[in-house]
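Heads up, the thing below is written out as structure tokens.
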Amino acid sequence: MTITATRSQTGRTLTGGVVALGAAGWVVMAAQHQGGHHHPAATLTGWVVMVVAMMLPTALPLFELLRRFNQGIWLAMSVYVGVWTAAGAVLVSLNLALSGRLESWTWTWEHPHAPLGAALMIAGAYQFSSWKDRCLTACRSPRGIAMLHWRGVRPAWQEAAVVSGVYAASCVGCCWLLMGTGLLTGAGSLAAMAVLAAVMAAERLTRHGRLLVRPAGAAAVIIGASLLLGAS
């Protein structure tokens, strides 16, 4: 009974800690949005905040699974955020390079929503790809990833770090374009970011989440096309 109670308390502590981190991320995003400051040097920091707010809580099934091994939980969380941060560094670099080119194009100043419209159309089209399907399958199956990559020959904390890294990579492959649209506006509309977070969480965590993939993709394409048509 004591061991069971201790494990239950540890589980509640883990869940509470991850939820608190996610909530703190949303508070920081709200403050950034109200402040209106989107300096390029702070873009990657903003991306990490987005990851903590929108992605970290959805990885709770993995962290709960690893908790049962009683090793490497906080390291696994750090690895998860680290993989997303590495992906963000690539996207931020591409975004800054693209922004530099677009700033010299007068048309984009006259139609500021056009880049977001194009990004939404690309993200929506990705929802229909086989790569999205494969990554979503892996991302919805933390237990399957653990069974494939937990070798049992390394220290438990190393095993947890490897499993978390592989899982994070699958989640990046699943959601990177939807997350990347936020870079175009620095955090964008908080309501829009909340919708994106809800869609990505539902895809990964709910029983019938797969049924949302195509409709979400179609909606993104339609919204993106309307922004582009409005710009034209």
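Restricted to segment 63-135, the set of helices (runs of 4 or more DSSP H) holding at least 2 residues that are aromatic (Phe, Trp, Tyr) and either surrounded by 13 or more Cβ atoms within 10 Å (Cβ to Cβ) or modelled with pLDDT of 95 or more (or both) comprises 73-103. Being surrounded by 19 or more Cβ atoms within 10 Å (Cβ to Cβ), among the hydroxyl-bearing types (Ser, Thr, Tyr) and at pLDDT 95 or above is a description that applies to residue 170. Scanning segment 146-171 for residues that are more than 16 Å from residue 67 (Cβ to Cβ) and assigned to a loop (DSSP other than H, G, I, E, B) returns 151, 152, 153, 154, 155. One residue stands out in segment 1-50 among those that are assigned to a helix (DSSP H, G or I) and at pLDDT below 55: the one that is farthest from residue 80 (Cα to Cα), namely 2.
The values are calculated or read from the model by the stated rules, or taken from the named source; none is laboratory data. Just so it is clear, the model here is predicted, and its values are computed rather than measured. Quick reminder, even Gly has a Cβ in these numbers, built from the backbone with ideal geometry, and neighbours come from all protein chains shown.
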